[in-house]
Amino acid sequence: MSALNGKSSRIQGFHKLSHEEKVKIIRDFSNLTDDDIVLLEKWGMMESKVAETMIENVISAMSYPYAIAPNFRINGRDYLVPMVIEEPSVVAAASNAARLMREGEGIISFSGEQIMIGQVHLAGVANPEYKALEVLEKRKEIIEIANSTDQTLASLGGGAKDVEVRVLSTEKGKVLTVHLIVNVLDAMGANAVNTMCERVAPLLEELTGGRAVLRILSNLADRRLVRVRGQVKAEDLGGREVAEKIELASAIAFADPYRAATHNKGIMNGVIAVALATGQDHRAIEAGAHAYASRTGRYLPLSRWDMTPEGDLVGTLEMPLAVGTVGGTVRVHPMAKLSLKILGVNSAKELAEVMGAVGLAQNLAALRALVSEGIQRGHMKLHAKSLAVMAGATYEEAEKLAELMEKEGNVSYKRAKDLLENMRKEKLH
Ligand code: MEV
């Protein structure tokens, strides 16, 4: 089947072609211009050899804005937080909320041992409840085999620590599920845990007479939670009324999954921005967060806000965070390494604590804006600027146009175009 342009995207052995050959194919397929090729060749500031150690079929790299949110005080320590995100206002909002939450103890964030769960799903097991107990009796042997895959991890005090069993009733019959409980220390842990699952599967098949259908970690990392708390004075928020409205907004999120999803999105704005800057598997973090938010069978907010008897506002957040400071992207991506250096974190535990704290601060900032001036005002300046650029303005002109449009209260593409035309005409005279 060929594409609308009459060209086929079925390209045998694409991955084996040289970079030049790949680019030529894409150029022909998508009618790229010389300028497009120049952009591709800039590699978004990433060296091709770095990109090529990360994924397949690489032809270029793409940059996102990289920002620093100051003001964070977490567990008594000050942090400058690198954030990578495309959305206006998020970084400013995080910095503002971090400033408000600095007072007193600052933000307190705690994550425990970095425990991941590996799963082996065994189908076709006769008497799975009975076999489950036999599996548990072989716990020691299973753990030993799992730990033989990563002796460094085990020698540092990590590795497989326990075995658990569950019998699932699926629409295709019963499935015996074996969980490996693994302390992954400072790694995100996917590689270590997946290897362990694959390595123990033959023994589990032998023990149960079943077939190991799936052998992979669970992204519902509910043994790897971060718990964050923070406090802010009502007067710093703009008064008791604002604090009460934030408390109400939190209650609404608990009563309404439609709102809870948006409430949690605000948290993830902060969490994922730090995840991107530090080279984390952000899809794993998202999957874990939303699965955890639904753990009761109902989708709930990951944080809540309440008033103290003195009239201040206290917030708490609890979510899984599977992150790493060794291995994976962190090992190869120079910007991820640099982000960890700027943060000055020394462990996955600390990184998770920082990310959770950013999530709570981001959430507070969003709720404060929502219950007072609304969210759009903060977005407007950058939005106006990007409309001006879309209308053909240079970056210098865009700055001026954004200011004019904001002053007029008329921020639109059409207005940007008209103003730009006038501005250029005036310059000619
Ligand atoms: C926008 O990116 C995030 C918010 O929608 C979060 C929220 O509604 O709480 C503002």
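The values are calculated or read from the model by the stated rules, or taken from the named source; none is laboratory data. Just so you know, these numbers come straight off a predicted model, no measurement behind them. Note: ideal-geometry Cβ built from the backbone for every residue, glycine included; neighbour counts use all protein chains shown. In case anyone asks, the SASA skips ligands and DNA or RNA and just uses the protein heavy atoms, side chains included. Shrake-Rupley method; radii C 1.70, N 1.55, O 1.52, S 1.80 Å.
Yes or no: the stretch 307-321 includes at least one residue that is closer than 19 Å to Ile108 by Cβ, open to solvent by 20 Å² or more (accessible area, probe 1.4 Å), part of a helix (DSSP H, G or I) and at pLDDT 95 or above. No.
Scanning the stretch 342-396 for residues that are more than 16 Å from the ligand (Cβ to nearest atom) and closer than 22 Å to Pro301 by Cβ yields Ala352, Glu353, Val354, Met355, Gly356, Ala357.
Go through Ala273, Ala249, Ala291, Ala284 for me and flag whichever is farther than 30 Å from Asp186 by Cβ and of a type outside the set (Lys, Arg). Result: Ala249 is the single residue among Ala273, Ala249, Ala291, Ala284 that is farther than 30 Å from Asp186 by Cβ and of a type outside the set (Lys, Arg). Given the structure, is Gly239 more than 16 Å from the ligand (Cβ to nearest atom) and either assigned by TED's automatic domain parsing to the domain that holds Ala146 or within 30 Å of Val120 (Cα to Cα) (or both)? Against the criterion (more than 16 Å from the ligand (Cβ to nearest atom) and either assigned by TED's automatic domain parsing to the domain that holds Ala146 or within 30 Å of Val120 (Cα to Cα) (or both)), Gly239 does not qualify. Take the conditions away from the ligand (no atom under 16 Å from the Cβ), surrounded by fewer than 22 Cβ atoms within 10 Å (Cβ to Cβ) and either in the same structural domain as Arg259 (by TED's automatic domain parsing) or among the small types (Gly, Ala, Ser) (or both) and apply them to Gly409. Does it pass? Yes; evaluated as a whole, the condition is true for this residue.
If you scan the stretch 344-360, which residues turn out to be farther than 20 Å from Asn264 by Cα and of a type in the set (Gly, Ala, Ser)? First the steps, then the outcome.
Step one: filter the stretch 344-360 for residues farther than 20 Å from Asn264 by Cα, giving 344-350.
Of everything in the stretch 344-360, those that are farther than 20 Å from Asn264 by Cα and of a type in the set (Gly, Ala, Ser) turn out to be Gly344, Ser347, Ala348.
So is Lys425 surrounded by fewer than 12 Cβ atoms within 10 Å (Cβ to Cβ), over 35 Å from the mean Cα position of the chain (by Cα) and of a type in the set (D, E, K, R) or not? Judged against the criteria, Lys425 is a match.
So, in the stretch 201-220, of the ones that are out of contact with any Lys or Arg (no Cβ under 7 Å at 6 or more places or on another chain) and among the β-branched types (Val, Ile, Thr), which residue ends up farthest from Ile142 (Cα to Cα)?
This residue is Val213.
Taking the numbered list (1) in contact with a Gly (Cβ under 8 Å, 6 or more places away or on another chain); (2) more than 16 Å from the ligand (Cβ to nearest atom); (3) under 22 Å from Gly356 (Cα atoms) in turn, Gly210 passes all entries but (3).
In the stretch 150-166, the residue that is nearest to the chain's Cα centre (by Cα) out of those that are outside any strand (DSSP E or B), of a type outside the set (A, V, I, L, M, F, W, C) and surrounded by 20 or more Cβ atoms within 10 Å (Cβ to Cβ) is Gly158. What pairs can you find where one residue is in the stretch 262-280 and open to solvent by 10 Å² or more (accessible area, probe 1.4 Å), the other is away from the ligand (no atom under 11 Å from the Cβ) and not in a helix (DSSP H, G or I), and their Cβ atoms are less than 6 Å apart, with a gap of 6+ or different chains? Hits for this filter: Leu276/Val84; Gly279/His333; Gln280/Val323. All conditions in (1) open to solvent by less than 80 Å² (accessible area, probe 1.4 Å); (2) of a type outside the set (Ser, Thr, Tyr); (3) part of a helix (DSSP H, G or I) hold for Arg331, with the sole exception of (1).
Identify, please: which residue in the stretch 71-94 is among the polar types (S, T, N, Q) and more than 16 Å from the ligand (Cβ to nearest atom) and is, among those, least open to solvent (accessible area, probe 1.4 Å)? Step by step, filter the stretch 71-94, then rank; the result is Asn71.
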